[in-house]
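Enquirer: I'd like to ask you about the structure that follows.
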Amino acid sequence: MLNNITIGQYFPAKSVIHRADPRIKILVTLLLIVTLFMAGNFTTLLLCGAFTILTVLLTKIPLKMYLKTLKAIWMILFFTAVLNVFYSTGEGDPLFKWKFISIYSEGIERAVFIAIRILLLLIISSALTYTTSPSELTDAIERLLKPLKFIGLGGAVHIFAMMMSIALRFIPTLVEETDKIMSAQKARGADMESGGLLKRAKALIPIMVPLLSSSVRRATDLAEAMECRCYNGGKGRTKLKQLHLGIRDWLILFFAALLLAAVIVLNTLPVI
């Protein structure tokens, strides 16, 4: 299960998306998320899905990496779909009725719609972290929030960007550490897969304690390493790699904005 968690990992490749400006990638990701939430029918959702598939192909990341990410959240996806099936009502007769449980065709359609939306959201977010290194994300976030320095939040912007970068960087490390601790506990005879929910929750205690201890130790080592290198925030720091927007970046942003405009227009038209 833990091996399927690929959030925060960066996969180097030579693709158009990898070479794009990280600021544009963040803006396009936010724009696509807004577009997905504005999609009001299957026609607009299908259009968003086509754009997402095109993005996945352009990243040149193996498809199995995206499937691993989806495999890690299938329980959440299934639970969300079931809730929409049972709590959505329709105008006609229910397809299935038993006591207080009624299932309508509208509920099934709503469940499928929400499930597809969540899948696309996860794929889009994964494409951002797969094609952008943590250092590039830090730099891009700091550049995008740069106008906040005019209201005295320049230092806070750098700290926030650094926190985001460190958090993304250590997600794979914590996952790997958790897997090692679980393997060690199982080798000592610990049973973490049988029993009820309460028993499984208690079985996690021997994992959480050493994991918390390891996390604190890593945070202390990182803080000491930054102090030894005389790190004092973003004041007076220069950038090793300067970001420059090119025609490719503006085209990516243009097509994302065009997708949003198309979804808005299609939402106003009668559903085919």
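Enquirer: Residues that are open to solvent by 50 Å² or more (accessible area, probe 1.4 Å), among the small types (Gly, Ala, Ser) and either at pLDDT 80 or above or under 19 Å from the mean Cα position of the chain (by Cα) (or both): does region 133-144 have at least one?
Expert: The answer is yes; a qualifying residue exists.
Enquirer: Right, Tyr10: under 26 Å from Ile166 (Cα atoms), of a type in the set (Ser, Thr, Tyr), open to solvent by 50 Å² or more (accessible area, probe 1.4 Å) and modelled with pLDDT of 70 or more or not?
Expert: yes
Enquirer: Of the conditions (1) modelled with pLDDT under 80; (2) within 30 Å of Thr55 (Cβ to Cβ); (3) not hydrophobic (A, V, I, L, M, F, W, C), Lys186 fails just one. Which one is it?
Expert: (2)
Enquirer: Open to solvent by 90 Å² or more (accessible area, probe 1.4 Å), modelled with pLDDT of 75 or more and either of a type in the set (A, V, I, L, M, F, W, C) or closer than 18 Å to Glu136 by Cα (or both): is that true of Phe150 in this structure?
Expert: It is true that Phe150 is open to solvent by 90 Å² or more (accessible area, probe 1.4 Å), modelled with pLDDT of 75 or more and either of a type in the set (A, V, I, L, M, F, W, C) or closer than 18 Å to Glu136 by Cα (or both).
Enquirer: Please state which one of Leu245, Leu251 is closer than 25 Å to Pro22 by Cα, modelled with pLDDT of 75 or more, under 27 Å from the mean Cα position of the chain (by Cα) and not in a helix (DSSP H, G or I).
Expert: Every option except Leu245 fails the conditions.
The values are calculated or read from the model by the stated rules, or taken from the named source; none is laboratory data. Since the structure is predicted, the reported quantities are computational estimates derived from the model, not experimental observations. Positions of Cβ are backbone-derived with ideal geometry, glycine not excepted, and every protein chain shown enters the neighbour counts. Accessible surface areas use protein heavy atoms only, side chains included; no ligands, DNA or RNA. Shrake-Rupley method; radii C 1.70, N 1.55, O 1.52, S 1.80 Å.
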